[in-house]
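The values are calculated or read from the model by the stated rules, or taken from the named source; none is laboratory data. What you are looking at is a predicted structure, and each value in this text was computed from that prediction instead of being measured. Note that each Cβ is placed from the backbone with ideal geometry, even for glycine, and that neighbours are counted across all protein chains shown. SASA here: full protein model, heavy atoms, side chains in, ligands and nucleic acids out. Shrake-Rupley method; radii C 1.70, N 1.55, O 1.52, S 1.80 Å.
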Amino acid sequence: MYQKGRAQSDRWNSNAPAYDRFWKDFPGRRPRRVTIPLGLCRTRSIAERKCADHIEGLGINSTRHQLEATSSTTFKAQAELWLRSLAKRKLDPVEQTTIDTRRYALDKWILPSLGDTCLADVNNFALKELVEKMAVALSPASIRDYANIVKAVVASATDENGEERFQRKWNRKIIDAPPVRNQRQPSTDADGISAIIKAATGQYRVLYMLLAGCGPMRAGEALGLEIGKHISGDCRTLYIRQKAKRGLIQPYLKTQNGERDVDLCNALTEILRDFIGGRTTGLLFHTPSGAQLLQTNILRDSLHPILKRLELTKGGLNIFRRYRITHIKIGECPDFLQHFWSGHAARHVSERYTKLTENREFRLRWAECLGLGFNLTQAQKSPTEAQNGRFGRLLQFRKAV
């Protein structure tokens, strides 16, 4: 505490401005001397109290700031601890698929920018820089999800009492992430599905028929089906127990409710039986060498060229799942059976006690009642006929809940 031009031993001058000077520590840098003006203070004790209030307001002497100033934990180290904790926690455990997705986001986008940064320095401005880099190549929805991963990693650092070590008040205006509006979810109607299937060839045609005509299944679930393990003897039920992703067979599914049985109508059963033929083992869909089909290759070699030729909106394999969900919803299928086939969680506690999903005959009757939804005769015509005109009408898809 001092007044300019006066020694500490001099009498306090109430008409001269007072100042306070102190050293402030910064993580990874040398301390810096800070001076703050206090204005006119009638006595030294008033100036001291005013200074103490100012420092307390800055939080400089708070336990949280001292901890941040002395912490050397990097964002990468904390991210590894956070990932390991996701699968172990008893409250709301995270499925392995979600953990894999978050691992990809960290390795691809987040750690290259924040990995070596001290966790104490990951704040609004650090996240803003990351968002600006991601905005060049990612969609607003992906940016939102990846930014939430950063926030979760920072919040996961706790002290011995379970309190957050680095409390943050995230500021949306500073971070300035693009808003998520009108998420793109391309789908099509029955005529469009028929045209796509008609234009497809070989095993791609059968794959598209299964995705659009039963389930609904996710693409990875269909590509993970193995003959002799996941198909009933009469070919009317598929057992969803694993999925194929990025060249690997993963013995787990996207959600806890993903493990289920999916039933087919008779028309689709005949197609599946003919496609299997005399095979008794191996993946249902595979490359000439017997290896797993990759979704990226399916899109590149088959679906995207077909959509372009038919002048339909470009989309992924989810267009078939969206079509099927819409079809069974319109078909007034019971809600609990919709959720069961789709791999969704029950919406009401009463659905947990409904045992009709364990009644295969009941499910098969509904599978036959719903049918394919698309025109199988039209879909089985010559693929060249699909090149003569535009098929299908783009629909605005609303996810069934």
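Can you pull out the residues in segment 1-24 that are acidic (Asp, Glu), assigned to a loop (DSSP other than H, G, I, E, B) and closer than 13 Å to LYS50 by Cα?
Just the residues of segment 1-24 that are acidic (Asp, Glu), to begin with: 10, 20.
The next check asks that each one be assigned to a loop (DSSP other than H, G, I, E, B); those that pass are 10.
Hits for segment 1-24: nothing passes.
If you take the residues of segment 204-237 that are among the charged types (D, E, K, R) and part of a loop (DSSP other than H, G, I, E, B), which of them is nearest to ARG300 (Cα to Cα)? Walk me through how you get there before you give the answer.
Step one: filter segment 204-237 for residues among the charged types (D, E, K, R), giving 205, 218, 221, 226, 229, 234, 236.
Right, trim to part of a loop (DSSP other than H, G, I, E, B) and you get 218, 229, 234, 236.
Numbers: ARG218: 18, LYS229: 29, ASP234: 33, ARG236: 30 Å.
So the residue we want is ARG218.
Are there any pairs with C-beta distances below 7 angstrom linking a residue in segment 282-306 that is without any contact (Cβ under 8 Å) to a residue 60 or more places away in the chain and buried (at least 20 other Cβ atoms within 10 Å of the Cβ) to a residue that is among the basic types (Lys, Arg) and in a helix (DSSP H, G or I), with the two at least 6 apart or on different chains, and if so which?
Taking only residues 6 or more apart or on different chains, not a single pair turns up.
When MET217 is evaluated against the numbered criteria (1) within 20 Å of the chain's Cα centre (by Cα); (2) farther than 29 Å from LYS314 by Cα, which criterion, by number, is the only one it fails?
Among (1) within 20 Å of the chain's Cα centre (by Cα); (2) farther than 29 Å from LYS314 by Cα, the lone unmet condition for MET217 is (2).
Kindly indicate whether any position in segment 119-129 is among the small types (Gly, Ala, Ser) and free of Cβ contacts under 8 Å to residues at least 40 places away in the same chain.
Scanning segment 119-129 turns up at least one residue that is among the small types (Gly, Ala, Ser) and free of Cβ contacts under 8 Å to residues at least 40 places away in the same chain.
For segment 165-182, how many residues meet the condition of being within 18 Å of SER142 (Cα to Cα) and either touching a strand residue (DSSP E or B) at 6+ places or on another chain (Cβ under 6 Å) or among the polar types (S, T, N, Q) (or both)?
Qualifying residue count, segment 165-182: 1.
I'd like the full set of residues that are among the polar types (S, T, N, Q), open to solvent by 50 Å² or more (accessible area, probe 1.4 Å) and over 21 Å from ILE174 (Cβ atoms), limited to segment 144-163.
Residues satisfying the conditions are THR158, ASN161.
Across segment 1-18, what is the total count of residues that are farther than 14 Å from ILE46 by Cβ and surrounded by 10 or more Cβ atoms within 10 Å (Cβ to Cβ)?
Adding up the residues that qualify gives 3.
Taking the stated definitions as given, is THR237 modelled with pLDDT of 90 or more and among the polar types (S, T, N, Q)?
yes
For segment 71-97, which residues satisfy the criterion of being hydroxyl-bearing (Ser, Thr, Tyr) and either in contact with a His (Cβ under 7 Å, 6 or more places away or on another chain) or touching a residue at least 60 places away in the same chain (Cβ under 8 Å) (or both)?
Within segment 71-97, SER71, THR73, SER85, THR97 meet the criteria.
Taking the condition of being out of contact with any Pro (no Cβ under 9 Å at 6 or more places or on another chain), over 12 Å from GLY220 (Cα atoms) and open to solvent by less than 70 Å² (accessible area, probe 1.4 Å), how many residues in segment 308-321 meet it?
Residues flagged as out of contact with any Pro (no Cβ under 9 Å at 6 or more places or on another chain), over 12 Å from GLY220 (Cα atoms) and open to solvent by less than 70 Å² (accessible area, probe 1.4 Å) within segment 308-321 amount to 1.
For segment 240-280, give me the residue count where each residue is buried (at least 17 other Cβ atoms within 10 Å of the Cβ) and not in a helix (DSSP H, G or I). Can you show your working first?
So the first thing to find is which residues in segment 240-280 are buried (at least 17 other Cβ atoms within 10 Å of the Cβ), and the list is 240-245, 253-254, 258, 260-265, 268-269, 271-272, 275.
With the extra rule that they be not in a helix (DSSP H, G or I), the set shrinks to 240-245, 253-254, 258, 260-265.
Total meeting the criteria: 15.
List the helices (runs of 4 or more DSSP H) that sit entirely inside segment 32-131 and contain at least 1 residues that are farther than 30 Å from GLN242 by Cα and modelled with pLDDT of 90 or more.
Those helices (runs of 4 or more DSSP H) span 75-88, 111-114.
Right, ILE197: out of contact with any Cys (no Cβ under 7 Å at 6 or more places or on another chain), in a helix (DSSP H, G or I) and under 23 Å from CYS333 (Cα atoms) or not?
No: the conditions fail for ILE197.
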